[in-house]
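Notes follow the structure.
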Amino acid sequence: MAAALRRGISARGLVLRLEQAIEGVYSPRGGYNQKDYDLAFLVQAIAGPQLLYSLNKSHGFASTMTVQRCTQIPSLLPSIGIPSAEEMRKNMTSFLEPSVKPPPPQSPSGKIPGNILMFDGVALESKCRYCSRRNSAVGVCREHSKNVDLKITSFKAIEKICVALFEETEPDKKVCFGSNATVVAMAPYARSDHYWPVPLVVLPSDKTEKGEWMALWIRTLIDEYGIHIYGKTMHGPFFTIGSDGNSSFRKARHILCMTDEIDPNSELGRTTCSVEHPLVGMNIFTSCKGITGTCNPKHVFKRKNVLVDLPTSKPQ
């Protein structure tokens, strides 16, 4: 206040400084906008707090504490074993809340554009980490996580996990690291704003899960999204389920999306299966909720090329 008065600040400017101080965003180097907060957050997330501290001193970047106060970063809860409905609900609340992901505008017809539910795998560093939110070790593959208690209650509990990872030989007691993470995300159709995928489930795997098992928890995810306060009602339904060429993903997608034939009298049926608009030779099956299955076209061509290149496929 004294420094501002010495500079001859106006009454309006003085009130603005007081409002910034109350909100915790005042900086003697000048007020920050949302772009400044985003830039400082990226510096901290990619390069670490030490670089942000240096840039704060040299270039006037927002400090670490200012970024933490003024930037809302949703937190993704990883699944330890098979994803539970509670874990799915927590991630939906964290990532689909309107201040994080604004709901889509309604179309002239009053309907909300739909979404695609996507599945893919990303490589993992094979190691365990501590999850403070559940006081448990994470990083063990979901297929064998039930073979050992991953709760960190004592040093002896940590030793048991180590034995199960490195020394145990019995199949029903041994566990292994997850080498790949299954990531489930949703992204909207027909939107040019906020068009980024939103993760809903992430869980480690050793790539031995069968499509039948995967289809069970995917169905749970679809059901939970349908009844969640920030789910189908706010952000629109799932139109399709998409995946890459992974055999388990394709099997799960087939199980879920090949159960019901499109009703010719439904809205979708009148535009695709009617006498005026017949889809001759096309798949007209969906899930029980009307969700269709799709995939990345490049994986279709890749799989076809692999089959063509097999020695048994070449002419003699």
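What the table shows:
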{"read-out": "Mean Cβ count within 10 Å, highest first, over the residues of peptides 105-113, 176-184", "value": "176-184, 105-113"}
{"read-out": "Proximal aspartates and glutamates relative to LYS207, as straight alpha-carbon distance under 16 Å, when same-chain residues fewer than 8 apart are discounted", "value": "ASP120, GLU125, GLU143, ASP244"}
{"read-out": "FRET E, pair GLU212, SER154, Förster distance 51 Å, beta-carbon r, rounded to 0.05", "value": "0.85"}
{"read-out": "Residue-normalised accessible area of the chain, expressed per residue, 1.4 Å probe, Å²", "value": "61"}
{"read-out": "Rounded, prolate or oblate (a/c below 1.5 giving rounded, otherwise prolate when a/b exceeds b/c) for segment 85-129 by Cα gyration tensor", "value": "prolate"}
{"read-out": "Summed side-chain charge close to LEU96 - residues other than LEU96 whose Cβ falls under 15 Å, Lys, Arg +1, Asp, Glu -1", "value": "+2"}
{"read-out": "Distance (nanometres) between label positions extended 7 Å along Cα→Cβ at LEU76 and ILE229", "value": "2.4"}
{"read-out": "Segment LYS111-VAL15, extension gain: residue separation times 0.36 nm, minus the distance between their alpha carbons", "value": "30.1 nm"}
{"read-out": "Convex hull (Cα only) mean projected area of segment 139-235, reported in nm² to one decimal", "value": "8.7"}
{"read-out": "Nearest-0.05 FRET efficiency for TYR195 and ASN33, computed from C-beta distance (R0 25 Å)", "value": "0.65"}
{"read-out": "Cα-Cα over 31 Å, subset of LYS90/LYS151; LYS173/LYS232; LYS210/LYS232; LYS90/LYS160; LYS90/LYS146", "value": "LYS173/LYS232"}
{"read-out": "Which label in [x] 89, 64, 45; [y] 71, 39, 34; [z] 82, 49, 43 gives the computed Cα extents along the principal axes in Å", "value": "[x]"}
{"read-out": "Value of [θ]222 nm, deg cm²/dmol, for the chain, DSSP H segments ≥ 4, -39500 (n - 2.57) each, nearest 500", "value": "-11500 deg cm²/dmol"}
{"read-out": "Heavy-atom accessible surface of the chain: percent carbon and sulfur, 1.4 Å", "value": "59"}
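The values are calculated or read from the model by the stated rules, or taken from the named source; none is laboratory data. Given the structure is predicted, the values throughout are model-derived calculations rather than measurements. Don't worry about glycine lacking a Cβ; one is built from the backbone with ideal geometry, like all the others, and counts go over all protein chains shown. Each accessible area value is taken on the protein alone, full model and side chains, heavy atoms only, with ligands, DNA and RNA left out. Shrake-Rupley method; radii C 1.70, N 1.55, O 1.52, S 1.80 Å.
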